[in-house]
Amino acid sequence: MKYNDTLIDNILYKRIILLLSRFGALSMQVIDKNANKSYEQELANFEQKIADEQKIEPSDWMPEAYRKNVIRQMSQHAHSEIIGMQPEGNWLTRAPSLRRKAILLSKVQDEAGHGLYLYSATETLGINRSEMIAALQSGEAKYAQIFNYPTLTWADVGAIGWLVDGAAIVNQISLQRTSYGPYARSMVRICKEESFHQRQGYEALYAMAHGTPVQKQMAQDALNRIWWPSLMMFGPHDADSAHSSQSMAWKIKRISNDELRQSFIDQSVPQIEVLGLEMPDPEIKWNEERGHYDSGEINWQEFKEVVNGAGPCNYQRIKHHKNAHQEGEWVREAVRSYKEKRAKKQNETAA
Amino acid sequence: MKQEQLAIYEVFIRSNRGLDHKHVGSLHAESPEHALMYARDCYIRRSEGVSIWVVESTNITASEESDIENFVDPMDDKPYRHATHYVLPDSIKNM
Ligand SMILES: [Fe+2]
Ligand SMILES: [Fe+2]
Ligand SMILES: [Fe+2]
């Protein structure tokens, strides 16, 4: 009934406008005023949906700043999935056994799929994939800083699955409740696929931590190096985070950077103990009062440098992406010409 | 015009905001716009949905169920794609 009422209202409204304009009774000013009023109504409607924990869907009205904010966050996430294939991909041909190789290959394939889900979901906001890729390659769009570190030993591959995918899972679970519908639904799907990533990494690192003394040393070294950049994945402290407060208000982000980081630390410390390795941060200590682990301060200077392009592998990652993209041009070319040929054939048979 | 000559449309309904659209059935219609109205009149008579999609059936490309074994590898030889494949110490919880 509600539907019909609005329909009738709309039709009536349009007829009245039409009538008035025919008699010249409606000045442009009145139309403008109506347009303004409807913007305010749309905004109020949008904000009500957010307040009521409703999802925003692609066909819904949304403020331009919301659209931009979600595009920024989703495309950054998509780029991270794609660039994130590189550090692990480096070990595909050097995995220590056929089993480990098959597992790693499968994980890296999953990440390509995650990139695809996310690029497609971002396109619902009116941007296309070529534009997003151009922004990645020009440095205008960012990706997770963690992928600008090298993978020096096989133990790094285990530590990445456990810690980097582990940190991503903590973040992605909170994003299952993000306010943009297509983003929330892609997070549900991705989280289901992520749990194998973390478990295979932990299993690989556990094997090394319980291997020869040299293997154990490699595991410790990987933990020490990858721990800090993993904590940085959650972004700056809440007080210093540029986009955070608006993102939280619009429920694009659901849990703050510092809270997410704390829960990652709390879940990881007992896992380090089970590995039998030393803590990567001497200041890690249980705080009975807070009910959380205390830990040392992150090197924010390093974070800034890596985000702004001066990390150990930034140049290499983007260069590799550009090369792969160029080398893949013949595939896109073939797809385009197949499409054209097929359309031509169908036209011929139709005629 | 005979009823059979009208195109068949598949109807998808989002039962609640935030959920995926799910296939609920089909109907005949003379245009996508009419299909949408018919779907409204048939399929959400008891507020079953907040959004409707209609797609002309011929626009759907589908796999053949009889051929699914040749088309989709069940990947039974790749148990490592499942989280349960990895045996971790009992003290590791929630991973
Ligand atoms: Fe992923
Ligand atoms: Fe991810
Ligand atoms: Fe992953």
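The values are calculated or read from the model by the stated rules, or taken from the named source; none is laboratory data. For clarity, every value in this text was computed on a predicted model and none was experimentally measured. For neighbour counting, all protein chains shown are included, and Cβ atoms are generated from backbone atoms with ideal geometry for every residue, glycine included.
Some notes on this structure:
- With respect to (1) within 16 Å of ligand 1 (Cβ to nearest atom); (2) away from chain B (no Cβ under 14 Å), the lone exception for A:M132 is condition (1).
- Residue within the range A:304-312 that is at pLDDT 95 or above, part of a loop (DSSP other than H, G, I, E, B), surrounded by 19 or more Cβ atoms within 10 Å (Cβ to Cβ) and more than 14 Å from every other protein chain (Cβ to nearest Cβ) present: yes
- Of everything in the range A:88-121 that is more than 15 Å from ligand 1 (Cβ to nearest atom) and among the polar types (S, T, N, Q), the residue that is farthest from the other protein chains (Cβ to nearest Cβ) is A:N90.
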